[in-house]
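Notes follow the structure.
The values are calculated or read from the model by the stated rules, or taken from the named source; none is laboratory data. Note that the structure is a prediction, hence the values are computed from the model and not measured. Cβ coordinates were reconstructed from backbone atoms using ideal geometry, including for glycine residues, and neighbour counts include every protein chain displayed. Just so you know, the surface numbers come from the protein's heavy atoms only, side chains and all, with ligands and any DNA or RNA stripped out. Shrake-Rupley method; radii C 1.70, N 1.55, O 1.52, S 1.80 Å.
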Amino acid sequence: MKKEINKILDTAQKEIPECQNLDSLEALRIKYTGKKSDLHSLLSQIGNLPPEQRPEMGKILNITKNKIQKLLTHKKEELQAQSQKRVAQKNKIDITMSGRPVEIGAKHPLYKIWDEIEDIFSRLGFEVAEGPEIETDYYNFDALNTPEDHPARNLQDTFYLKNGNLLRTQTSPVQIRVMENNKPPIKIISPGRCYRNDKVDASHSPVFHQVEALVVGEDVSFPDLKGTLDSFVKTMFGSNIRSRFRPHFFPFTEPSAEIDILCVNCNGKGCKLCKNSGWLEMGGAGMVDPAVFENVGYDTEKYTGFAFGLGIDRITMLKYGISDMRLLFQNDLRILKQFS
Ligand code: PHE
């Protein structure tokens, strides 16, 4: 029996250290120490030995079994350490690898122009003022001298809210808010979103953008208005682009005018964009009506002022040659990426 035991130990001492992976090591564990192993069957034969040999054989068998188990444990630890090392190697960060490209977003063309407008006017000494998009009847109409029966107040033109407030139809209410809170001299622009109940088409959108300008002081005159506008238009579109006024009516300015600029496409020769007129409509303007000054408590003997409102969407479209206003609001990346 001793011989057999030694033989088992011998082969185990050869096989186990040579084992290459955990699966085959498990097979060896079963082979040498499992219920069906030779060692196990020898152990169960001890009872057949003469009583005086039993203790010695038992001891030898146990020692052998322990030795084999130690070999197995040692090998297992070694194999596990090896596989951990392999995983670590695999997960190691390769700092020489080139990075994934990061997609960089870009400003919407409309907001680029918005920024440019603020830039140009701040160089002319204007400050930027803001007002709420949800307005009251008072600020959007009454304080701006707009009569009760003016068509703009119609439900068909203005979005009214359930509580009687409305979505501002113009940036002009900011004029009132600024004057209520400040004494002249005043020199502000106010770019912002406006809303009108318009059907969507190539040149209309229920949401659009205006920039308001208001200048109030002791000697503010019509030529100041014309000069300021001209200087803006020339900086924005080029020194050859003149502006002109056509007589018009706004409840809050007197006299009032509509602003045209020379067609940026044909320089006034006449083309499809300007419908052969040579001119493009840009917005409205005028000298502040004294009735408006009275609403904010300004001395109408002392102060005069001018105001104008321009379409930012319109300016953007002209500047970038966009022919359909819907392209500004559809957020089609194929379009927007052309401006990044
Ligand atoms: N608020 C006017 C509009 O939306 C434009 C305007 C502004 C006219 C300031 C005169 C003065 O049509």
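Points to keep in mind about this one:
- FRET efficiency for the Lys76 to Glu103 pair, using the beta carbon distance and R₀ = 56 Å, is estimated at 0.70.
- Where the alpha-carbon atoms of region 49-128 are placed on the principal axes, they occupy 117, 27, 18 Å, in descending order.
- Phi to ³J(HN,Hα) by Karplus 6.51 cos²θ - 1.76 cosθ + 1.60 over region 299-311, Hz, x for Gly, Pro: 6, 6, 6, 8, 10, 10, x, 10, 9, 8, x, 10, x
- Cα point-scatterer Debye curve for the chain, base-10 log of I(q)/I(0) at q = 0.08, 0.09, 0.13, 0.14 Å⁻¹: -0.52, -0.61, -1.00, -1.10
- Taking all Cα pairs closer than 8 Å and separated by 6 or more residues, the relative contact order of region 184-261 comes to 21 percent.
- Of the residues Ser239, Ser190, Ser221, ranked by 1.4 Å probe accessible area with the largest first, the sequence reads Ser239, Ser221, Ser190.
- Couplings for region 249-259, taken from phi via the Karplus curve 6.51 cos²θ - 1.76 cosθ + 1.60 with θ = phi - 60°, read 10, 10, x, 9, 10, 7, x, 10, 8, 9, 9 Hz in order; Gly and Pro are left as x.
- Each peptide in 140-152, 16-28 was scored by the mean count of other Cβ atoms within 10 Å over its residues; highest first, the order is 140-152, 16-28.
- Extreme residue, positive dipole direction of region 1-109, given options Val87, Ile104, Gly34 (C-beta unit charges): Ile104
- Derived scalar couplings ³J(HN,Hα) [region 142-153; Karplus, 6.51 cos²θ - 1.76 cosθ + 1.60; whole Hz; x for Gly, Pro]: 4, 5, 8, 6, 8, x, 3, 9, 5, x, 4, 6
- Whole-Å semi-axes of region 2-91's equivalent ellipsoid (Cα gyration tensor): 33, 10, 10
- Among Ile68, Ile104, Ile241: highest mean-square fluctuation, GNM of the chain, C-alpha pairs under 10 Å: Ile68
- Chain lengthening between Ile63 and Lys319 when straightened (0.36 nm per residue, less Cα-Cα): 82.8 nm
- Heavy atoms of Arg196 accessible to a 1.4 Å probe, total area in Å² rounded to 10: 90
- Eligible aspartates and glutamates near Lys162 by straight Cα distance, threshold 15 Å, same-chain separation 8 or greater: Glu135, Asp137
- Surface/4 estimate of mean projected area, convex hull on alpha-carbon atoms of region 80-220, nm²: 18.2
- The chain - Cys residues lacking any other Cys C-beta under 4.7 Å: Cys19, Cys194
- Rounded, prolate or oblate (a/c below 1.5 giving rounded, otherwise prolate when a/b exceeds b/c) for region 159-231 by Cα gyration tensor: oblate
- Links that overshoot a 28 Å alpha carbon limit, given the list Lys275/Lys337; Lys3/Lys75; Lys36/Lys90; Lys226/Lys337; Lys187/Lys234; Lys234/Lys272: Lys275/Lys337; Lys36/Lys90; Lys226/Lys337
- Modelled label positions at Ala88 and Glu4, each set 7 Å beyond Cα in the direction of Cβ, lie 4.5 nm from each other.
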